Amino acid sequence: MSIRRALISVSDKQGIESFATALADAGIEILSTGGTARALREAGITVIDVADVTGFPEIMDGRVKTLHPKIHGALLGRADIDDSVMQQHGIGRIDLLVVNLYPFAATINRADATFADAIENIDIGGPAMIRAGAKNHAAVTVLVNPQDYERVLESVRDGEVPDAGLRRELAASAYAHTASYDTAVADYLKRESGKPLQSDDFSIGGHRSSTLRYGENPHQQASFYADAKSPAGTLASAQVLQGKPLSYNNIADADAALECVRQFAQTACVIVKHANPCGVSVSDTPLNAYQHAYATDPTSAFGGIIAFNKPIGLDVAQAILDQQFVEVVIAPAFSEDAQLAFARKKNVRLLATGELQRLPPSVDVKKVSGGLLVQDRDDGVISRDDLTVVSRRQPTASELDDLLFAWQVAKFVKSNAIVFCKAGRTIGIGAGQMSRVYSTRIAAIKAADESLEVAGSVMASDAFFPFRDGLDSAAEHGIRAVIQPGGSMRDDEVIAAADEHGLAMVFTGMRHFRH
């Protein structure tokens, strides 16, 4: 048993000439269409047009060319079951299908791409053939990835059909290919409609941007997949200016830092360690923002990820290099002399994101045992007008500024999250504790360790205080104003505690759990 007939129709022509030449040398008849047929003929390879097989020309500017029983019957025909009907209708078998799809992702990522361009690059015939051939992989070998050509040629050279295990593996890759493609189309149309996709089914897809050395730990394999259209100013679209490849943990921490710093209109710096901000500041310059963020917790900043929302120059680069070991620095842009300074530390990764913009609505996905958790991304924003003052003492204007700043930071701290802030900078951060009181104590301990004055600071809590002890603890450390969602059964008790201590307290009506 051997491959006798192949159909080749590819948008990605990488390696196709040498592959088709090897097929022709093995005596395999090649069917093809459009641009692929032209490219193969120009390479001196004999090709039969699909239109000559179907007896029907390509129509509608190529929209309809392979959607014909003599093609799909050739792919779906079952040995010893469909032989007679195939013979009756003059359908010859196709043993090998080589197809990859219209470049939809490349099209929508072009700056000048129109909606009409995107629609014309939605492939119909290609996915239909891939799915048909993959369904009948007992008789058909399906190739969608040029990297698999050589694996199939090993069998062709021996005059054999690829074994059943390889055909099944390639069929699985084929269905993954069409699933990813359909997901890219669905995501694009969803974005263009301006409304979330309502469906009982959910799919995710993307292209593998890189294979990582390992995952969270060396015994775990990992890859980084990018969306079909990664918005500008995101981690997936960032330009790596220097440094060794990013690790799984680098990428996770870098994303936390980038998404936190994106929240601020003022010049800001965020330092992240193990997915938690350990220092955040807004200031008049990137250098001052960095120095204040670093001062929050220099110990945790060691080996951390530093993100800025404004371009940085030599002064910032030199300050970072003089003060700490850093894994990744992220900014919209780096000056030439800043890049030269960082070049002395060749392992430091520099990521230039371009201008940071507000991202379109999206979803967060988390894998759990046997399924997926899918939710809207937490894009909740609180302004002064959304705050409800529940204490007798009104917060001052400067306290309100700090409360809103602290609230933005708390959104990116693992729950239970407590954040102390003063004058646009973090003073202490307590993250990831089972008790909100312990998070408060940790924030105070960190501030004391760095000789930072807590008295007069404000405090943000990502969720409500279930008991008054959180307020009592805050008052002990000199906190003067508190921002929290409210909504506890004991809100009256908590408000009374704030009034007893002379604290100003505001409710947001929104919580920011981050697990």
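The values are calculated or read from the model by the stated rules, or taken from the named source; none is laboratory data. If you're wondering where the values come from, they're calculated on a predicted model, not measured in any experiment. Reconstructed Cβ throughout: ideal geometry from the backbone, glycine too, with neighbour counts over all protein chains shown. Ligands, DNA and RNA are stripped out before the accessible areas are found, and what is left, the full protein with its side chains, is counted by its heavy atoms. Shrake-Rupley method; radii C 1.70, N 1.55, O 1.52, S 1.80 Å.
Criterion first (open to solvent by 50 Å² or more (accessible area, probe 1.4 Å) and over 22 Å from residue 298 (Cα atoms)) does residue 510 satisfy it? Answer is yes for this residue. Filtering region 1-30 to residues that are among the small types (Gly, Ala, Ser), more than 15 Å from residue 48 (Cα to Cα) and touching a strand residue (DSSP E or B) at 6+ places or on another chain (Cβ under 6 Å) leaves only 11.
Taken together, the residues in region 450-472 that are more than 19 Å from residue 402 (Cβ to Cβ) and outside any loop (DSSP other than H, G, I, E, B) amount to 2.
Does residue 48 satisfy the condition of being under 21 Å from residue 3 (Cα atoms), open to solvent by less than 30 Å² (accessible area, probe 1.4 Å) and either modelled with pLDDT of 85 or more or among the polar types (S, T, N, Q) (or both)? The answer is no for residue 48. The set of residues from region 54-71 being under 15 Å from residue 97 (Cα atoms), modelled with pLDDT under 85 and not polar (S, T, N, Q) comprises just one member, 67. Taking into account only those residues within region 281-334 that are out of contact with any helix residue (DSSP H, G or I) (no Cβ under 8 Å at 6 or more places or on another chain), among the hydrophobic types (A, V, I, L, M, F, W, C) and open to solvent by 10 Å² or more (accessible area, probe 1.4 Å), which is farthest from residue 428 (Cα to Cα)? Result: 333. Taking strands (runs of 3 or more DSSP E) as the structural unit, those lying wholly within region 282-357 and holding at least 1 residues that are among the charged types (D, E, K, R) correspond to 326-331, 349-352. Considering 215, 243, 159, 206, the condition of being modelled with pLDDT under 90 and either closer than 23 Å to residue 353 by Cβ or in contact with a helix residue (DSSP H, G or I) (Cβ under 7 Å, 6 or more places away or on another chain) (or both) is satisfied by 206 alone. Scan region 339-348 and give yes if some residue there is at pLDDT below 95 and open to solvent by less than 30 Å² (accessible area, probe 1.4 Å), otherwise no. For region 339-348, residues at pLDDT below 95 and open to solvent by less than 30 Å² (accessible area, probe 1.4 Å): absent. Among the residues of region 436-446, those identified as surrounded by fewer than 22 Cβ atoms within 10 Å (Cβ to Cβ) and either at positive phi or out of contact with any His (no Cβ under 9 Å at 6 or more places or on another chain) (or both) are 437, 438, 442, 445. Among the residues of region 372-389, those identified as over 18 Å from residue 190 (Cα atoms) and within 19 Å of the chain's Cα centre (by Cα) are 372, 373, 378. Candidates in region 57-93 are the residues that are over 19 Å from residue 128 (Cα atoms) and assigned to a loop (DSSP other than H, G, I, E, B); of these, the one that is nearest to the chain's Cα centre (by Cα) is 79. Of all residues in region 104-120, one or more are crowded, with 16+ Cβ neighbours inside 10 Å, small (Gly, Ala, Ser) and not in a loop (DSSP other than H, G, I, E, B). Of the residues making up region 23-45, those that are under 39 Å from the mean Cα position of the chain (by Cα) and either closer than 19 Å to residue 130 by Cα or open to solvent by 10 Å² or more (accessible area, probe 1.4 Å) (or both) are 31, 32, 33, 34, 35, 36, 37, 38, 39.
Every residue, every condition in (1) out of contact with any strand residue (DSSP E or B) (no Cβ under 6 Å at 6 or more places or on another chain); (2) modelled with pLDDT of 95 or more; (3) open to solvent by 10 Å² or more (accessible area, probe 1.4 Å), yes or no:
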residue: 457; (1), (2), (3): no, yes, no
residue: 461; (1), (2), (3): no, yes, no
residue: 472; (1), (2), (3): yes, no, yes
residue: 496; (1), (2), (3): yes, yes, yes
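Residue 433 falls short on exactly one of the conditions (1) of a type outside the set (Phe, Trp, Tyr); (2) part of a loop (DSSP other than H, G, I, E, B); (3) open to solvent by 10 Å² or more (accessible area, probe 1.4 Å); (4) over 17 Å from residue 412 (Cβ atoms), and that condition is (4). Of the residues making up region 232-245, those that are hydrophobic (A, V, I, L, M, F, W, C) and in contact with an Asp or Glu (Cβ under 9 Å, 6 or more places away or on another chain) are 232, 235, 236.
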